[in-house]
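Remarks on the structure that follows.
The values are calculated or read from the model by the stated rules, or taken from the named source; none is laboratory data. On a predicted model such as this, the values are computed, not experimentally measured, just so you know. In this analysis, Cβ positions are derived from the backbone assuming ideal geometry, glycine residues included, and neighbour counts consider all displayed protein chains. Side chains are part of the model used for accessible areas, which takes the heavy atoms of the whole protein and leaves out ligands, DNA and RNA. Shrake-Rupley method; radii C 1.70, N 1.55, O 1.52, S 1.80 Å.
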Amino acid sequence: MTAPINLHRRHLVLGTAAAALSTGLLPSLAFGAASGPLKVGLIVPMSGPFASTGRQIEAAVKLYIQQHGATVAGRQIEIILKDDGGVAPDVTKRLAQELVAREKVEVLAGFGLTPLAFAAAPVATQAKVPMIVMAAATSVIPQRSPFIVRTGFTLAQVTAPMAQWAAKNKIKSVVTFVSDYGPGLDAEKVFVKGFTEGGGKVIDSLRAPLRNPDYAPFLARVKDAKPDALFVFVPSGEGAAVLKQFTERGLAAAGIRLICTGDVLDDDLMASIGPAAAGVVSSHHYSAAHPSAENKAYVEAFGKANQGMRPNFHSVGAYDGMHLLYQALKQTNGDSNGEKLLAAMKGMAWTSVRGPVSIDPATRDIVQTVYIRKAEASGGSFYNVEFDQVDKVRDPGA
């Protein structure tokens, strides 16, 4: 049964009450094969502009523990939730340091955006604790620490199939439009390469500040350029504004198609995007409309546990991150030594709610299917309906 949240300390304790842990600076050295609880420091944005990411990750972690129990290989799993606000790397780094030094966590997890994952990486390296990146999507993240494993995705990974699809489907000219930070630059680079190699022409490449309130000036330039399509990447939470302004500024009426990565058409936000999403083609590794039996059960359970909320791709990165941790602990027989857990995680493969996935043992990054989807109305709402796929996609930007 889930214990209550201690709001004063911003803890989310899942499972039964835990015995107090002995002190020690580095958890991986202090505890090792201990039989006491295993503390996981979950750092996500629960407030600020990217709060939907944190909400989805927290909900998925809770659901996984609810379904699979709070104890694995003799170790009780205790989640300590920290809100980093999603915008200040210094805050994320401080929280990671406090979790390791004061709370004695043996695993770090979460990380909503790339700069925040970068900030925490040195802490994971120094403490020798696994750092499960569930959301942040720049290709180079695992290179920042030998203890990082990613269960979400990379922008390069989900962009390459879209570039190939566009070039093969009568789109001859494109303007690219991305948020000006790591994942956006990855998406721009990979799309331009794949699309031009397929015979397409990139007329212009536009970049907007990460927290941009007004996309109108950029969209005006796109309208003047008159491409066949506009390729867009903005982080989860920004897609509704882009699609709304795309329609209001008359780009769709001018015959310009919008194609994008799945961040723009976040399942969690499809209700707020509404009809502006109709017909938009995107590429991503997860859709709430994915037709597998595993996903149908996941969507139903997630909605039931969260007042009807629809799970998105960040939730799946978190759900699979917990699966990775549980399976690694089983392989080590409960030994939480960081190097042993990391070794167990490398090469692990399983059937996720998104489809078959594995952890590349060389890069510690996820290998997965990427789907081409079209936004369609169903049951009074819009969903990203998959109609094509590319199997076993590795990160081309690594």
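Numbers for the structure displayed
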quantity	calculated
Gaussian network model of the chain, Cα within-10 Å springs - most flexible of 73, 166, 297	297
Dipole magnitude (debye, nearest 20) for the chain, charges at Cβ of Lys, Arg, Asp, Glu	160
Modelled FRET efficiency - R0 45 Å, residue 385 with residue 331, Cβ distances, 0.05 increments	0.75
The chain, Cα convex hull volume normalised per residue, Å³	120
Residue of 321, 184, 48 that the Gaussian network model of the chain assigns the largest fluctuation, springs spanning Cα pairs under 10 Å	48
Hydrodynamic radius of the range 181-223 per Kirkwood, over alpha carbon pairs, in Å	11.7
Mean residue ellipticity (222 nm) of the chain, computed from DSSP H runs ≥ 4 via -39,500 (n - 2.57), nearest 500	-11000 deg cm²/dmol
Carbon + sulfur, % of accessible area of the chain - ligands and nucleic acids excluded, 1.4 Å	52
Cross-link table 128/374; 226/392; 39/193; 128/392; 193/296; 39/346, entries beyond 32 Å C-alpha to C-alpha	128/374; 226/392; 39/193; 193/296
Separation of the residue 172 and residue 297 label points, Cα + 7 Å toward Cβ, nm	5.0
Counted charge near residue 209, where neighbours are those whose Cβ lies closer than 14 Å (Asp, Glu -1; Lys, Arg +1)	-1
Efficiency of FRET from Cβ geometry, residue 97 and residue 71, R₀ 22 Å, rounded to 0.05	0.20
Convex hull projection area averaged over all views, the range 210-306, Cα basis, nm²	7.0
Largest-first ordering by accessible area, 1.4 Å probe, given options 68, 290, 323	68, 323, 290
Overall form of the range 147-294 per C-alpha gyration tensor (a/c, 1.5; a/b vs b/c)	rounded
Relative contact order of the range 214-275, pairs being alpha-carbon contacts under 8 Å that are 6 or more residues apart, as %	43
Burial ranking of peptide ranges 268-281, 98-111 (average Cβ count within 10 Å, highest at the top)	98-111, 268-281
Antiparallel bridge percentage (DSSP; both residues within the chain; nearest 5)	40
Chain lengthening between residue 204 and residue 378 when straightened (0.36 nm per residue, less Cα-Cα)	59.1 nm
Most mobile listed residue (356, 45, 213) in the chain, GNM with C-alpha springs under 10 Å	213
Cut-off 12 Å between beta-carbons: net charge of the residues surrounding residue 236, Lys and Arg +1, Asp and Glu -1	-4
